[in-house]
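> There's a structure below that I have some questions on.
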Amino acid sequence: MRRAAALRALRHRSFRLFFLGQGISIIGTWVQTIALSWLMYRLTGSTTLLGLTTFLSQAPVLFIGPFSGWLGDHYDRRRLLIATQALLLVQALCLGILVLAGWSAPPLLLGMAALQGVLGGLDTPIRQSFLGEMVPDKTDLPNAIALNSFLMNGGRLLGPMVAGLLLAQVSEGVCFLVNAASYAAVVGAVLAMKVPTALHAQHAHRRDGSRWIDALRYAWATPVIRNLLPLVMATSFFASPYVTLMPAIARDVFGGGPGTLGLLVGCAGLGGVTATALLATRTGIAGLERWTLAACAGAGLCLAAFSFTTILPLALPLMVGVGAGIIGTAASVNMQLQTQVDDQFRGRMISLYVMAFLGLAPFGGLWAGYLADRTGAPVTLAIGGVACLVAALSLGRRVAVTR
């Protein structure tokens, strides 16, 4: 029974198509991400350029997100998703061709990383808000969101492994072409869908609530956004940057190398997969506020404890807890948000969520790197963990009063 409940959103044909295409695409995206970072470091040997590459590929969502959310509320999300995925396909294809042709100068790679970030910033809010149209039965929507989060974290586990295998056999340019092919899977899946357009067309022509100021007023009046989105922001800014500091932790604290680094990050990914798998078994959102608070507090506690650990076997389960806490916080808020917001504001509310979770993480990484240079990586992780715990405790009472 629990297995059937965990997969119930797959009974909708459109979501099944999306699940398959998105699963392929996520692995391809990770292949390109790893290959691009590897190529930049191989060419320059600069960790600064390595960090800048990651920043440019992730940060634009914070600035593009509001525009993307507005587009999703005023135009056909299905057509928009096809367009953004097709543009990402073209970007990966051009990058692969240029690199295979010998055009792999660092400025070109940085420009391509920035272009990927801009297109990703357009795509993510539209793709997230489109889930509501793929799953017309709203009782199955939380499960669809949990399964989508499961895909994202499963890709985080499998994608780097596939990238490593490919890089050992072929060049980085071929990896970029593999990613281009993976986007074709999503485009094909969305083209094959049959989703109702009448409701979206009705919202697209409504004048009331069309301005961003109306959306912000709506967000403030909606408890799940006003109370819980700050927890997503806290985990994104203070806890997610653990990834930035893991190379230093693996080498300086545990005396390891790439294998230790992969083990630590892999354990965090395992925690994320576990959290989303547990969320997928839920049949509703009742009591999910307490889950969110516990997940945020758990991420903070595990991260703070990890910062004091110098024994690898003790550190690994703590990293599982960090990954489970971060992803559990974000995925549970996404489930509550998508099932409670008015459809005419859905795109803009999802863009606020994406900005809070994905848009703040690169800036948290910059903050963590700056602070770690002055206080050390373990101290920085401890400060981030305590900040998450304080956020969970301070907002817990407000959530309880609202409930």
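The values are calculated or read from the model by the stated rules, or taken from the named source; none is laboratory data. Values in this document were obtained by computation on a predicted structure and should not be read as measured data. Here Cβ is always computed from backbone atoms with ideal geometry, including for glycine, and neighbour counts include all displayed protein chains.
> Assess whether Ser68 counts as being surrounded by 17 or more Cβ atoms within 10 Å (Cβ to Cβ), in contact with an Asp or Glu (Cβ under 9 Å, 6 or more places away or on another chain) and closer than 27 Å to Trp367 by Cβ.
Yes: the conditions hold for Ser68.
> Out of all the residues in segment 324-347, is one or more over 30 Å from Gly72 (Cα atoms), outside the structural domain of Phe150 (by TED's automatic domain parsing) and not in a helix (DSSP H, G or I)?
no
> For the condition touching a residue at least 12 places away in the same chain (Cβ under 8 Å), crowded, with 24+ Cβ neighbours inside 10 Å and hydrophobic (A, V, I, L, M, F, W, C), what is the one hit in Ala299, Ala305?
The match here is Ala299.
> Could you identify the single residue in Ala163, Ala192 that is crowded, with 20+ Cβ neighbours inside 10 Å and in the same structural domain as Gly120 (by TED's automatic domain parsing)?
Just one listed residue meets the conditions, Ala163.
> Continuing with the same structure: Tell me, yes or no, whether segment 369-380 has at least one residue that is hydroxyl-bearing (Ser, Thr, Tyr), under 19 Å from Cys267 (Cβ atoms) and part of a helix (DSSP H, G or I).
no
> Check segment 371-385 and report whether any residue there is in the same structural domain as Arg251 (by TED's automatic domain parsing), of a type in the set (S, T, N, Q) and surrounded by fewer than 24 Cβ atoms within 10 Å (Cβ to Cβ).
yes
> Also, I was wondering about something else. Out of curiosity, is Gly120 closer than 22 Å to Thr54 by Cβ and at pLDDT below 85?
no
> Tell me the helices (runs of 4 or more DSSP H) entirely within segment 1-108 that contain at least 2 residues that are more than 28 Å from Val135 (Cβ to Cβ) and in the same structural domain as Leu151 (by TED's automatic domain parsing).
Counting at least 2 such residues, we get 13-44, 47-58, 77-100.
> So is Arg127 under 16 Å from the mean Cα position of the chain (by Cα), among the charged types (D, E, K, R), on the phi < 0 side of the Ramachandran plot and assigned to a helix (DSSP H, G or I) or not?
Answer is yes for this residue.
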